[in-house]
Amino acid sequence: MKKSLQKTVLATLLAGGFALASSAALAQTFPNFTVNEGSVTGATANTFSADKVTGNYTEVISFGANNTFNASLLWNAGQFVTNNGATPVNSQLGQSGSVVASQYGLYALYTGSGTYSTGADGKTAFNFTKGGNLSVFIDPSTNTSFTAPANGNTPWTLGANGDDYLIGTGMPASGQGTLDPTLPTCTGSDGSGINCGNFGTASSFSLTSAGSQFFTSPNPFYNVSFQSGQLNNFNVSGTQTINGSMDVIFGNAVPEPASVALIGLGLMGLGLARRRKQA
């Protein structure tokens, strides 16, 4: 029984090792994707390859009982980047209120929740739990207005968005963040700073039919969206509003390696055979 348990643990460790190796490979290079801007009404025909989208976010976060939090985030995309996030791509991606006719808007609404803990050193660790919503929209006229919610439990309110359309949806799966007010970049003369920590989250991702016309490759498209950004300083209590920059890349979920799955099935069969022999 002891040897069987040890082998089972070994198989689990192998699976974890393969997953870590795959994650490390993903971190070294950003997966490419193709954008067809001509699919947006009013935009000039233009197709290009990129591997990251950058932009600005504003987040309303509310802290509740039992060290829980709820967050509602608005992200406005500002630029496509290629060459593993090193080279900006010329595109028609604009912001709300643009005066250039060929520009369009790309924004996302995100709601999520989780738990947090503050240590004796003053650092607060955030852990996102599975659940919530991710919705990505195209704003052809770049005229959509955004109103922040009263708390982190509800999404942002949109205005003048009659021509906007949904291109992607998802559900937050996991994430972590750290608020560290002791960072040199966070301890300004007024007690605030622009860099007081960072966060990273992962969400499932699925394109709509309209989204498949905008993100044309790979096909089928990636099924995971990764978001990362920095935190400004804020009080971990009540409801707070923070903002900063956030990057988005895409990838695929790492499946369990077939070899590890076969090992697991083999161990199960071996265990059954031993139990039958002992019986």
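The values are calculated or read from the model by the stated rules, or taken from the named source; none is laboratory data. Keep in mind it's a predicted model, so treat the numbers as computed, not measured. These accessible areas exclude ligands, DNA and RNA; they are computed on the full protein's heavy atoms, side chains included. Shrake-Rupley method; radii C 1.70, N 1.55, O 1.52, S 1.80 Å.
A 1.4 Å probe, protein heavy atoms only, puts the accessible area of Tyr116 near 40 Å². Of the residues Met246, Met171, ranked by 1.4 Å probe accessible area with the largest first, the sequence reads Met171, Met246. Computed 3J(HN,Hα) for the range 199-209, one whole-Hz value per residue from the Karplus formula 6.51 cos²θ - 1.76 cosθ + 1.60 where θ = phi - 60°, is 8, x, 9, 10, 9, 5, 8, 9, 7, 7, 4, glycine and proline marked x. Sorting Leu207, Leu106 by accessible area puts them as Leu207, Leu106; the probe is 1.4 Å, largest comes first, and only protein heavy atoms count.
Given 0.36 nm per residue, what is the gain on full extension from Gln95 to Thr216 after removing their alpha carbon distance, in nm? My answer for the length gained is 41.3 nm.
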